[in-house]
Number of protein chains: 2
Amino acid sequence: MSPKQQRGAETAERLLDAALQVYAESGEQGVTVSALTKASGVSLGSLYHHFGSVDGLMRVLLLRWLGRLLEELAGGVERARTAKGAVRALVRVYLTFIQEHPDASRLLHSSYADRVGMAQAAQLRDAQEARLSPLTAWVRLHTESGEIAALEAPMVEALVMGPIVATARRWLSGIDDADLDQAARVLPERIWRSISP
Amino acid sequence: MSPKQQRGAETAERLLDAALQVYAESGEQGVTVSALTKASGVSLGSLYHHFGSVDGLMRVLLLRWLGRLLEELAGGVERARTAKGAVRALVRVYLTFIQEHPDASRLLHSSYADRVGMAQAAQLRDAQEARLSPLTAWVRLHTESGEIAALEAPMVEALVMGPIVATARRWLSGIDDADLDQAARVLPERIWRSISP
DNA sequence: TGGATTTCTAGAAAACAGTTCTAGAAATTG
DNA sequence: CAATTTCTAGAACTGTTTTCTAGAAATCCA
């Protein structure tokens, strides 16, 4: 990578960092072109050169973080030895992730996520090939071995991820100081009951 | 109500209808002042007279539909005789609602919901007094009678509504033609397992 | 090496959306 | 029937996003 491209990449990077920071500080409404250029010190022209639009910038930011989350979820599932262990891993990884990256997680659960659209998210999943949707691959596997009930994959996904995401959203919205540690302890057992044969 | 006020109310109504229609057709981005005035045939001045802002208009629309959904959920729960029956009712009512009002449901699950903010939704819940959050009241009741496990209310809410909402979101996004009838049959049993003592 | 080309940066200008403002019309009230 | 209120209307203003033109810096190839 040439010095110029290097500098270009750094500029893009600085914009992405600034975007998350601005979003964290002033919410979705606060993410304006001027706020971004001011926070990053990058000019208007560069922003449009690298990302084409503000939404384009946010799309990249979003997909990057979505990628990280899926990556970690897949890793957790892969390391698990049993189906039940996988459920535990999913809960733990997800809840840990939102605690470690609350701003990015809020972004992931925000409207921008809708705007990017499922199509792109699915695309990202497919791009990860081997580690496609941690869940669907896993469901296929464990259904066959009889470890979990013979339900449609989407149903298992709803039963497993539904409560996790609901808990995460609640904590992220900060309406109460939900106890994530307790959730991490109790949820796996409860979720397991719902999908076991 | 005087004829003039009548006409005013009708104007507001026409705007609300147009807003949902525009949202359904062109998504969140498409909901602009000009699109609204054009679709409703109502003037700019009237829009601002009645709602103060575009967000204000969407807020009213959103709260109206949120109210209907909560109303129906509360009704379903109230008619149930057992805790398990209540879970069945919640699943049935929710999935029926999104099928009957897909556009409004998409709006409810969209980013506007965030923009209105939890505060307002909570406010709406409280305003319903006796029929406050269908779930929390219900949880309190059935926990005491030992019908469901002694978990924190938010946890029960996550375990019950999480899978329902996840299923709803999936169907609304139209990524696959998920079978809601099947979900309505299977989910209650599975959810029940996760929260029973 | 050195001119042509690509890539990046920069900000002025244009296009567009949301809101405010002023004014007039229609109905109600005293 | 005058005064007041409520509603409708659209022009003007403000702020935001995007496009456009131009210049600077690095790379590439004759």
Legend entry - Total residues in segment A:183-197, condition facing chain B (nearest Cβ under 7 Å) and more than 21 Å from A:Glu152 (Cα to Cα): 2
Legend entry - Flag if B:Leu90 is open to solvent by less than 50 Å² (accessible area, probe 1.4 Å), away from DNA strand D (no atom under 16 Å from the Cβ) and away from chain A (no Cβ under 14 Å): no
Legend entry - segment B:145-157: number of residues that are farther than 17 Å from B:Ala80 by Cα and either more than 14 Å from chain A (Cβ to nearest Cβ) or open to solvent by 40 Å² or more (accessible area, probe 1.4 Å) (or both): 3
Inset, instruction - Please specify each residue of segment B:12-53 satisfying the condition of being free of Cβ contacts under 8 Å to residues at least 24 places away in the same chain, farther than 21 Å from B:Asp114 by Cα and not in a helix (DSSP H, G or I). - result: B:Ser43
Legend entry - Criterion (away from DNA strand D (no atom under 15 Å from the Cβ), over 30 Å from A:Trp138 (Cβ atoms) and either more than 19 Å from the chain's Cα centre (by Cα) or surrounded by 14 or more Cβ atoms within 10 Å (Cβ to Cβ) (or both)) met by exactly one of A:Leu16, A:Leu66: A:Leu16
Inset, instruction - Working only within segment A:37-54, note down all residues that are farther than 15 Å from A:Glu10 by Cα and more than 10 Å from DNA strand C (Cβ to nearest atom). - result: A:Lys38, A:Gly52, A:Ser53, A:Val54
Legend entry - Failed item, numbered, when A:Trp192 is tested on (1) in contact with a Lys or Arg (Cβ under 7 Å, 6 or more places away or on another chain); (2) at pLDDT below 80: (2)
Inset, instruction - Please enumerate the residues belonging to segment B:22-49 that are surrounded by 19 or more Cβ atoms within 10 Å (Cβ to Cβ) and within 13 Å of DNA strand D (Cβ to nearest atom). - result: B:Leu36, B:Ser40, B:Val42, B:Leu47
Inset, instruction - Return yes when B:Arg64 is within 30 Å of A:Gly174 (Cα to Cα), among the basic types (Lys, Arg), assigned to a helix (DSSP H, G or I) and in contact with a Leu (Cβ under 7 Å, 6 or more places away or on another chain) and no when it is not. - result: no
Legend entry - Out of A:Gly8, A:Gly56, A:Gly85, sole residue that is at pLDDT below 90, assigned to a helix (DSSP H, G or I) and surrounded by 13 or more Cβ atoms within 10 Å (Cβ to Cβ): A:Gly8
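The values are calculated or read from the model by the stated rules, or taken from the named source; none is laboratory data. This one's a predicted model, so the numbers in the text were calculated from it and none came from an experiment. Virtual Cβ from ideal backbone geometry, glycine too; neighbours counted across all protein chains shown. In case anyone asks, the SASA skips ligands and DNA or RNA and just uses the protein heavy atoms, side chains included. Shrake-Rupley method; radii C 1.70, N 1.55, O 1.52, S 1.80 Å.
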